[in-house]
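A quick write-up on the structure given underneath.
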Amino acid sequence: MKQYLQILCCVCLFSCQKNKENQITLVTEPVKTDTTTLIIEKEIIESQSPIDTTDYEHTIFYVVIVDTSFNYQSLHKKMLDLSKKSNTPIDTMGRYYNASEDLIVLSDDDDDLYAGDYFPRRFPSENLSLEYLTWYKNNAEEKTIALVAGIYESEIKADSAVSKLKKTNPQTFEIKTKMFVGCMH
C-alpha cells in the first residue's frame, strides 16, 4: 500500500503542468493506511483563469495605469514629468494628439493602414504612453485616456511596478486584461 501511494504521488507531481501565471502551493496531507499514517506532499495549482489553448489571438496581460483623464494635455504633461523623474522612456508609436478630431492618431501620411486613426499599444513593454482605456477595460467610458506605465505578462512584475509608482502617484492601478494580439493589418 505504501508503494502504491508513493507511485501515485510521483505520477501526480510529474503530470501537473506548471504555467508561469499559476500560483503553486505545497500542501501536506495525512493519509491513513491500515497500520500507519503517511504524510504526503502534493502541489495544488491555483489558476486565476482557465487556460484556453485554442485562442491564439488573445492573451492575458497586466496593464499598469498611472492616471486617467479625458484631458489629453494634462496627461501628456504628467507623462513627460514622470518620464523625466523616473528615467522611463516614452513610446508614442508614431502617434500624436489631433486636437481638431479629439483623437490620438497616427499621422495621415503614415504608411500604416491605420494612418489618421488610433492604433493601440498591445504588447509587453515598460514604456510610458497615452492610450484609450477602452482597449484594456471594456466598461471604461468612451474617450477616457490612460497614462500607461507598462504592459506585463507577469502579475508579479505588474504588482511591483504599481508599488513603486504608488509612492509618487497614489492613484496608480493595474488591470488584468484579455488582450487581442492577433493581426490587425
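Restricting to region 129-185, name every residue that is touching a helix residue (DSSP H, G or I) at 6+ places or on another chain (Cβ under 6 Å) and β-branched (Val, Ile, Thr). Thr144, Ile145, Thr172 - these are the residues of region 129-185 that are touching a helix residue (DSSP H, G or I) at 6+ places or on another chain (Cβ under 6 Å) and β-branched (Val, Ile, Thr).
Within the set Glu142, Glu57, Glu41, the sole residue that is at pLDDT below 95 and more than 25 Å from Val181 (Cα to Cα) turns out to be Glu41. The set of residues in region 94-113 that are within 30 Å of Glu155 (Cβ to Cβ) and either modelled with pLDDT under 90 or among the charged types (D, E, K, R) (or both) comprises Gly94, Arg95.
Where strands (runs of 3 or more DSSP E) fall wholly inside region 72-179, the ranges with 3 or more residues that are surrounded by 14 or more Cβ atoms within 10 Å (Cβ to Cβ), more than 21 Å from the chain's Cα centre (by Cα) and aliphatic (A, V, I, L, M) are 103-106.
The values are calculated or read from the model by the stated rules, or taken from the named source; none is laboratory data. The structure presented is a predicted model; accordingly, all values stated were derived computationally and were not measured. Positions of Cβ are generated from backbone atoms using ideal geometry, with glycine treated the same way; all protein chains shown enter the neighbour counts.
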